[in-house]
1. If a residue has to be at pLDDT below 95 and within 21 Å of residue 301 (Cβ to Cβ) to count, how many in region 326-376 make the cut?
2. Restricting attention to region 444-486, and to residues there that are farther than 30 Å from residue 524 by Cβ and touching a Phe, Trp or Tyr at 6+ places or on another chain (Cβ under 6 Å), which single residue is surrounded by the most Cβ atoms within 10 Å (Cβ to Cβ)?
3. Right, residue 184: hydroxyl-bearing (Ser, Thr, Tyr), under 30 Å from residue 287 (Cα atoms) and outside any strand (DSSP E or B) or not?
4. Checking residue 191 against (1) outside the structural domain of residue 312 (by TED's automatic domain parsing); (2) at pLDDT 95 or above, only one condition comes out false. Which one?
5. Only one of 417, 428 is out of contact with any helix residue (DSSP H, G or I) (no Cβ under 8 Å at 6 or more places or on another chain) and of a type in the set (A, V, I, L, M). Can you tell me which?
6. Can we say residue 242 is within 25 Å of the chain's Cα centre (by Cα) and buried (at least 21 other Cβ atoms within 10 Å of the Cβ)?
7. Out of the residues in region 292-332 that are among the hydrophobic types (A, V, I, L, M, F, W, C) and touching a Leu at 6+ places or on another chain (Cβ under 9 Å), which is farthest from residue 455 (Cα to Cα)?
8. Considering region 448-462 alone, what residues qualify as being assigned to a helix (DSSP H, G or I) and without any contact (Cβ under 8 Å) to a residue 60 or more places away in the chain?
Amino acid sequence: MTRNMKRKRFIASKTSVLVLMAVCSLLFSACSSKSAPNAAEGTNGGGASAKPVTLKVEVFDRGNSPAGYTITDNYWSKWIQENFGAPNNVNVEYVPVPRSEEVEKLNVLMASGSSVPDIVFTYDPNTFNRYAKQGGLTDLGPLLDQYGPNLKAFLGEDVLSYGKFEGTQFAIPAKRSNIGKYASFIRQDWLNKLNMPVPQTTSELYETLKAFKEKDPGATGGQVIPLGMTIASAQYEPLLWSFIKPMSEEEQYTLTQQLGSNDYPVLLPGFKDALQFMNKLYNEGLINKDFGLDKDKKKFGEDISTGKVGFFSEDDINIYYENGTYNLLQKNVQGAEIAAVDVYTNEEGKHAKPKYAPNGLYIMIPKSSQRAVEAVKYLDWMTSGDNLFRIQNGIENENYTLVDGIPVTVENQSEEALNRMYNVGDMAIISNGKQLESMEKNLKARALQMPKKFQEQVAVAQEIANADTIPLVLMDKPIEAQTKYGTTLLDKFNEIIVKTTMAKPDQFESVYESMLKDYMASGGQAILDERTAVYKEMQSK
C-alpha cells in the first residue's frame with residue numbers, strides 16, 4: 001500500500017433531509033459571515049480582559065450522573081474551570097447531547113446557528129465529511145500552528161491526517177490508546193474434560209466444535225451452542241476476514257466497501273467461501289439457530305454466562321469486566337474456565353482480523369464560533385503537563401496508585417472517589433482510552449483496570465487483538481456513494497450473512513447470487529464504480 005494513498009477514511013451515515021437542508025443553509029451563511037476565527041476579549045495575550053468569555057463545549061450525556069452531580073456540573077467540570085478557565089479568563093460551559101442521539105442532536109445544534117457549541121464532535125466520519133464539504137467548519141491548521149503545539153505533538157501527523165478534508169484540517173481527531181479489536185474465546189474446562197488441545201487453525205476448530213456438540217462436555221442437557229454467533233461485527237468479522245485471500249493493491253482499494261465505521265469484504269475474494277463455511281456450521285447445528293435476531297447481543301451474553309457456549313469471538317476485553325460475562329459464568333457454573341485464543345487462520349497461516357483506525361472522535365469547531373482560539377487552547381491545555389493524566393486517573397491513593405509508573409485503580413474506593421470518576425471518558429475528549437508513554441504501557445494500564453483475577457488473561461486477549469491486524473483502506477477523497485447508500489447496504493450486508501448462513505446447503509448458491517445481486521443494485525455497484533474512478537485518480541498523481 002503506497003504511503004501517498006494513506007489518507008482520511010470516508011464512510012456513511014443517515015440523516016434527516018429536513019435537518020440537512022437547515023444545516024446546509026446555516027453552514028453556508030456561516031461561511032460568508034465568519035471568514036476568520038475571532039480571539040475576542042477573553043484571551044489574555046498581554047493581559048487578561050476584564051470580562052470573561054464563554055467557551056461552550058459539547059459533552060455526551062449518558063444519563064448516569066451520581067447523586068449530587070450533573071453532566072454539566074461535576075468534579076471535573078469544576079476542576080477544569082479552576083485550572084483552565086480561570087487562568088485564561090474563560091467560563092467553560094458544557095452543552096449536553098444524549099449519546100444515543102449524537103448525530104441527530106448535533107445536526108439540530110448545527111442548524112440552530114447561535115446555540116451550537118464552540119467545540120462539537122462525532123464518531124461518525126461521514127457527519128464530519130458532510131459539514132466540511134458544506135463549508136461549516138473552521139480551518140484549524142493555522143490555529144494549531146499558533147495555539148496548539150502540545151496538541152500537535154500529542155496527536156502526531158498520522159492521527160491528525162484523519163481530520164483533514166481534501167487537504168484542509170477541519171477536525172482534531174481524538175487519539176486511540178489501543179487499536180486492537182477482537183479476540184476469540186473457548187471453554188478451556190470443556191477441552192480438559194474431552195482431553196482435547198486448544199485448536200490452532202480453522203479446520204481444528206471445526207473438529208472441536210463437532211466434539212462439543214456430540215459430547216456436550218458442559219452437561220447442558222442438549223442446549224449446547226458450540227459456536228456463539230450474533231449479527232454484531234465482533235462475532236462474525238474474525239471468521240469472515242480469515243477467509244479473505246491475498247489481493248493486489250488495486251483490488252484492496254476498489255473492491256473494499258466502507259459502510260458505517262468498518263471495511264466490509266462483500267466483494268473481496270474469499271468472502272463467499274466464508275459464508276459457505278458459516279452455512280456448513282449452521283446446518284450441522286454448530287451455531288445458535290436464532291443468531292440473526294440477536295442484534296443487541298443480549299441472548300449471546302446470557303448463553304455464555306449460563307454455560308451453553310463453547311467458543312465465540314468478542315471485543316477483546318468485554319467479557320472481563322466486573323460483573324461481566326465471565327464473572328457471571330463463574331458464579332453460574334462451578335469450575336468454568338475461558339481461555340483467549342487466536343484460531344481462525346487464513347491461507348497464509350495468519351490470524352487476520354480488522355483493527356481500529358488510530359483516531360476516535362472527530363472534534364470540530366463550527367465556522368460560526370467566535371471562540372475558535374479559546375477552543376484550540378482548551379484542547380492544547382488538556383494535552384499539556386499532567387492534565388490529561390489527572391482527568392483520566394483521578395487523585396493518587398484515592399482513585400489510583402502507581403505501580404512501575406502505571407496507574408492502577410484502587411479497589412474498594414469510597415463513594416466520593418468513585419463518583420468523581422464516572423464521566424472522565426467524556427471529559428477527556430482528546431483521547432479514546434488512557435494515554436501513557438507508549439502502546440505497551442497503554443495496554444498494560446488497560447489490563448490493570450480490570451479485576452485482578454482476570455488481568456493476566458486480559459493481557460493475552462489484548463495481544464491477540466493486536467496480532468495480524470488488517471489496516472483500513474483509506475481513499476484520497478470521500479466516496480459519495482458510500483454516504484448515500486451506506487446505511488441501506490449495511491442492512492443488506494447483515495441480511496446476506498443471515499440468509500446465506502441459514503439456507504439449506506443445496507440452496508446456498510441461489511440465495512447467495514440473489515442476495516449479492518440485490519446488494520449491488522442497492523448501491524454496491526455505485527460504490528464500486530466510484531472507488532474504481534478515485535483509485536485511477538490516485539494512480540495518476
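The values are calculated or read from the model by the stated rules, or taken from the named source; none is laboratory data. Values in this document were obtained by computation on a predicted structure and should not be read as measured data. Glycine also receives a Cβ, built like all others from the backbone with ideal geometry; neighbour counts cover every protein chain displayed.
1. Residues that pass the stated criteria total 0.
2. Per the criteria, the residue is 458.
3. no
4. Exception for residue 191: condition (1).
5. One residue alone meets the criteria, 417.
6. Values: within 25 Å of the chain's Cα centre (by Cα): yes; buried (at least 21 other Cβ atoms within 10 Å of the Cβ): yes.
Spelling it out, residue 242 is indeed within 25 Å of the chain's Cα centre (by Cα) and buried (at least 21 other Cβ atoms within 10 Å of the Cβ).
7. Going through the qualifying residues, I end up with 309.
8. Passing the criteria: 448, 452, 453, 455, 456, 459.
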